[in-house]
Amino acid sequence: MPSAQVIQFPATKQSPAQTPTKSVQDVGEDALARTGEAHGDICIFRSDLRLILNQAPNDRKQISARILALRETFKEAELQLVKLLQEMQTTAPAGTL
């Protein structure tokens with residue numbers, strides 16, 4: 001009968017208590033900056049889409065590319081906003097850091 005061997009797993013690291021690294025205002029300002037960037041990108045892609053629709057209304061490849069660019073921009077913006085909301089849970093009031 002084969003003998004059993006005990007495998008030692010490394011101890012899990014305990015994360016230190018979450019301390020605020022940003023103020024509420026910092027997170028809010030980051031949200032403004034990131035949504036401003038997304039807004040600029042969305043405006044550009046919408047303009048490109050409008051141009052393609054006027055120049056080549058049946059060009060499936062070009063129109064799809066613009067729609068995909070818009071979709072990716074929205075997805076990236078959503079991910080960034082979710083991160084900011086998570087950061088907001090560990091923020092400190094402005095002036096306390």
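Taken one residue at a time, the phi angles of the range 22-29 give Karplus couplings (6.51, -1.76, 1.60, θ = phi - 60°) of 9, 8, 4, 4, 4, 5, x, 5 Hz. Gly and Pro are set to x.
In this label model, ASP59 and CYS43 are separated by 2.4 nm, measuring between points 7 Å along each Cα→Cβ vector. For ALA92, what is the net charge nearby, where nearby means another residue's Cβ is under 10 Å from its Cβ and Lys, Arg count +1, Asp, Glu -1? Net of charged neighbours comes to 0.
If the segment from GLU29 to VAL82 were pulled out straight at 0.36 nm per residue, it would be longer than the present Cα-Cα gap by 17.6 nm. Whole-Hz Karplus values for the range 30-45 come out as 4, 4, 4, 5, 5, 6, x, 5, 4, 4, x, 5, 4, 4, 5, 5 Hz, taken residue by residue from phi with 6.51 cos²θ - 1.76 cosθ + 1.60 and θ = phi - 60°; glycine and proline positions read x. Taking every protein chain into account, the accessible area of the range 36-97 amounts to 76 square angstrom per residue (probe 1.4 Å).
The values are calculated or read from the model by the stated rules, or taken from the named source; none is laboratory data. Just so it is clear, the model here is predicted, and its values are computed rather than measured. A quick note on method: Cβ atoms are made from the backbone with ideal geometry, for glycine too, and the neighbour counts reach across all protein chains shown. The accessibility values were calculated without ligands, DNA or RNA, using every heavy atom of the protein model including side chains. Shrake-Rupley method; radii C 1.70, N 1.55, O 1.52, S 1.80 Å.
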